[in-house]
Amino acid sequence: MLIDDFSDEALVSQLGTQWRVVSDQVMGGVSTGSLSRQIIQNRPCMHLIGDVRLENNGGFIQAALDLRDKIDASGYTGIRLVARGNNEKYALHLRTPDNMLPWQSYRAHFTVKQQWQAIDLAFDRFAPHRIDAPLDTTRLHRIGLVAIGRAFHADLAVCELRLYR
């Protein structure tokens, strides 16, 4: 199931919702980031770029997609992204209605190389963060691609995001 191929210039996903950038500035941090649609090596993509800083208890920038309706992904193995970047480690965060607090999520980490690559993140790799409930893949309602946890320059481009079997 295709979530986005980034063909829309306004970063409206194939699900009809729009990607947006969120940073730790919502809680007093000083990380900065921007999100844009670009063509990189002839591929339309979403490009998250910025600087993650740890001052003021900060430490993240995120490309977030709220899903219009909760997605039942129980018939799928996980999420595949085709991405390139700057040889850094990033995270994919999932949220369900069980995540009542903003710092709760289910997280899987991945490292991107400088060339395009397909990265499969099986749902059983997603660890609960500050929540006791297990990941319920029948009720996904938010996806985030996140640069988090350490001071570094983020540079992540994604040209495809989908559920895979």
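Throughout, read-outs are computed from the coordinates displayed, never taken from laboratory work. Bear in mind the structure is a predicted one, so any value in this text is a computation, not a measurement. Methodologically, a virtual Cβ is constructed for each residue, glycine included, from the backbone with ideal geometry; neighbour enumeration extends over all protein chains shown.
Treating each Cα of segment 119-165 as an identical point scatterer and summing with the Debye formula, the log10 of I(q)/I(0) at q = 0.17, 0.27, 0.29, 0.33 Å⁻¹ comes to -0.73, -1.34, -1.37, -1.42. Kindly list the residues of segment 62-105 that lie in the label zone of residue 43, defined by a backbone N under 13 Å from the point 7 Å along the Cα-to-C-beta vector. Under cut-off, by backbone N: 80-86. Spin-label pair residue 27-residue 74: with each label point 7 Å from Cα along the Cα-Cβ axis, the two points sit 3.1 nm from one another. Checking [x] 18.2; [y] 15.8; [z] 17.0 against Kirkwood radius over Cα pairs in Å calculated from these atoms, the matching label is [y]. Sequence-ordered 3J(HN,Hα) estimates for segment 84-100 from the Karplus curve with 6.51, -1.76 and 1.60 and θ = phi - 60° stand at 9, x, 10, 6, 10, 8, 10, 9, 10, 10, 10, 10, 10, x, 5, 7, 8 Hz, glycine and proline given as x.
Output the peptides 37-49, 60-72, 136-148, 114-126 sorted from most to least packed, where packing is the average of other Cβ atoms within 10 Å over each peptide's residues. Each step should come with its number before you reach the end.
On the way: 37-49: 16.3, 60-72: 18.7, 136-148: 20.2, 114-126: 14.7.
With the highest mean Cβ count within 10 Å placed first, the list reads 136-148, 60-72, 37-49, 114-126.
Annotation: amide H of residue 96 within the under-5 Å range of 141, sequence separation 5 or more or interchain, hydrogens built in the peptide plane.
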